[in-house]
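**Q** Provided herewith is a single structure, encoded as structure tokens, for subsequent inquiry.
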Number of protein chains: 2
Amino acid sequence: MYTLFGNATSGNCYKVRLALAYRGQPYRYVDVDSLHGQTRSPAFLAFNPFGKIPALAQSGQPPMVESNAIAWSLLEATPLWPDDARARQSCLAWMFWEQYSHEPKVAVARSWVKLGRDREQPQAFATLRDEASGALDHMERLLSKQPYLIGDAVSVADLCLYAYSHKAGDIGLDLAGWPGLQAWCQRLSAQPWWVTIDDHPTPLALDEALAGLAN
Amino acid sequence: MYTLFGNATSGNCYKVRLALAYRGQPYRYVDVDSLHGQTRSPAFLAFNPFGKIPALAQSGQPPMVESNAIAWSLLEATPLWPDDARARQSCLAWMFWEQYSHEPKVAVARSWVKLGRDREQPQAFATLRDEASGALDHMERLLSKQPYLIGDAVSVADLCLYAYSHKAGDIGLDLAGWPGLQAWCQRLSAQPWWVTIDDHPTPLALDEALAGLAN
């Protein structure tokens, strides 16, 4: 069985939980406090040299890392990974765009709010939020014209882009201002297999989970 | 025939040229001055709404975007994309890590040097270079133990990570300090199909290339 090392509020970890949900795959869950150093401890680094969550482990194998690459791996043999070569390219392009041009704005601004940095550095936060807004604009240009990022069918790219986009309200960006994107969010969350960002199994303790994998 | 919209010094564009070289694929080349706004012009945005280079176009189709996703697409049917599912996951994990944790340090520091920002903001540059150094440390931990990122064989991940890593000297990081990474660079550049970052066809004019694709 898989063990997901994640965090209840992280969109990156949510992507993996969405992929596991699509697969109907049960898993153990460990909540790791990455904001307070738990991913940088010697024990965690010995388990995952990338020092990050999410990490998806199976006993006896190195963990899978990088949220979009884990989601991709869980879904490559499913209909969420397109048959058409150009659609596959486009899928990965959106996922790389998410990590370079969307997550560092939308998710980072959200972590600033969580840590109170938005009040400490209001000007820098305003810039970050403007950039986040620009990322949503870029998605809106496409999603105002088609139901999903790769056309008419849900793909792994939609899961990866949804994870932080649907929480834009946390940084004061009301999705009503991006109606195509808002409708896309509603379309996705209506999928019968969908789970919310708050949905996860009861967490195991980190030390015990790491010790369990080492056995 | 493909038309590559790129830039002679950009590592992101170099990844695509390496993938084209591996495929032995001839292509037209357009040099785009992204540092001075050419990717944000209305004509360029009409061609590529992502407003970025590299973009790889074929007449009558939307361009392929995002360097790692283009390289992946060019190579998915070749031996540079592994057969083993866990190796594929690891390959994509390194490529996503490159875009989130390596390029924003190593490549951005290099662009600062190019624009003279390293002298204008020496403290911020020192921080950026320390982070770039940390990214090379992370690669070194693996490359001191194995010949390529995914084990014994070259993969698309090696091309994507090489592009900026081999230019760390441009930001004052001498690769002699990372002997495993340095040997990996030498191993890659000795491949018979390898091309250097300076190797590209004579550039076409941007306006003419865009007009040619529209026809």
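**Q** With a point put 7 Å past each Cα toward its Cβ, work out how far A:Gln121 is from A:Asp84 in nm, to one decimal.
**A** 4.2 nm
**Q** For the range B:86-215, what's the radius of gyration and Dmax over Cα atoms, in angstrom?
**A** Looking at the range B:86-215, its Cα Rg and Dmax stand at 16.9, 52 Å.
**Q** Could you work out how far apart the two model spin labels at A:Ala77 and A:Ala205 are, taking each label as a point 7 Å from the Cα in the direction of the beta carbon, and quote it in nm?
**A** 3.6 nm
**Q** When the solvent-accessible surface of protein heavy atoms is calculated with a 1.4 angstrom probe, in what order do B:His138, B:His36, A:His166 fall, highest first?
**A** B:His36, A:His166, B:His138
**Q** Probe radius 1.4 Å, ligands and nucleic acids left out: which of B:Glu140, B:Glu98 has the largest accessible area, and how do the rest follow?
**A** Of B:Glu140, B:Glu98, the descending order of accessible area is B:Glu140, B:Glu98.
**Q** Something else now. With charges set only on the Cβ (+1 for Lys and Arg, -1 for Asp and Glu), what does the dipole of the range A:85-189 come to about its Cα centre, in debye to the nearest 20?
**A** 160 debye
**Q** Further question on the same structure: Considering only chain B, pick the residue with its Cβ nearest the axis of the rotation onto chain A, and state the distance in whole Å.
**A** B:Gln99, 3
**Q** Quick one: label points 7 angstrom along Cα→Cβ at A:Arg187, distances to the other copies in nm, smallest first?
**A** Relative to the other copies, A:Arg187 has label-point distances of 4.5 nm.
**Q** Run the numbers on chain A and let me know its relative contact order in percent, using alpha-carbon pairs under 8 Å that are six or more apart.
**A** Here the relative contact order equals 27 percent.
**Q** With every protein chain kept in the model, how would you rank B:Tyr27, A:Tyr164, A:Tyr22 by accessible area, 1.4 Å probe, largest at the top?
**A** So the residues, ranked largest to smallest area, are A:Tyr22, B:Tyr27, A:Tyr164.
**Q** Separate question: With a 1.4 Å probe, what is the total accessible area buried between chains B and A, in Å² rounded to the nearest 100?
**A** For B against A, buried area totals roughly 2900 Å².
**Q** From the square roots a ≥ b ≥ c of the eigenvalues of the alpha-carbon gyration tensor of the protein assembly as shown, which class results: rounded (a/c under 1.5), prolate (a/b over b/c), or oblate?
**A** rounded
**Q** Go ahead and estimate [θ] at 222 nm for chain A from helices alone: -39,500 (n - 2.57) per DSSP H run with n ≥ 4, summed, over the residue count, rounded to 500.
**A** -14500 deg cm²/dmol
**Q** How many nanometers, to one decimal and shortest first, lie between the label point of B:Gln58 and those of its other copies, if labels sit 7 Å from Cα toward Cβ?
**A** B:Gln58 label point versus its equivalents elsewhere: 3.4 nm.
**Q** What number of lysine-lysine pairs in the protein assembly as shown show an alpha-carbon separation below 14 angstrom, given a sequence spacing of 8 or more or placement on distinct chains?
**A** 6
**Q** So, one more: How far, in nm to one decimal, is A:His138 from itself in the other copies if the label point is set 7 angstrom along Cα toward Cβ? Shortest first, please.
**A** Output for A:His138: 2.0 nm, nearest copy listed first.
**Q** Using DSSP, restrict attention to beta bridges with both residues in the protein assembly as shown and report what percent are antiparallel, rounded to the nearest 5.
**A** If we restrict to bridges inside the protein assembly as shown, about 50 percent are antiparallel.
**Q** Please state the relative contact order of the range B:85-189 as a whole percent: Cα pairs under 8 Å, 6+ residues apart?
**A** 32 percent
**Q** Gap in Å between the Cα centre of the range B:48-107 and the Cα centre of the range A:84-103?
**A** 8 Å
**Q** Given 0.36 nm per residue, what is the gain on full extension from A:Trp193 to A:Ala214 after removing their alpha carbon distance, in nm?
**A** 4.3 nm
**Q** Calculate the length of the line joining the C-alpha centroid of the range A:140-215 to that of the range B:7-28, in whole Å.
**A** The distance from the Cα centre of the range A:140-215 to that of the range B:7-28 comes to 34 Å.
The values are calculated or read from the model by the stated rules, or taken from the named source; none is laboratory data. Values in this document were obtained by computation on a predicted structure and should not be read as measured data. For neighbour counting, all protein chains shown are included, and Cβ atoms are generated from backbone atoms with ideal geometry for every residue, glycine included. Protein only, heavy atoms only, side chains kept; ligands, DNA and RNA dropped before computing areas. Shrake-Rupley method; radii C 1.70, N 1.55, O 1.52, S 1.80 Å.
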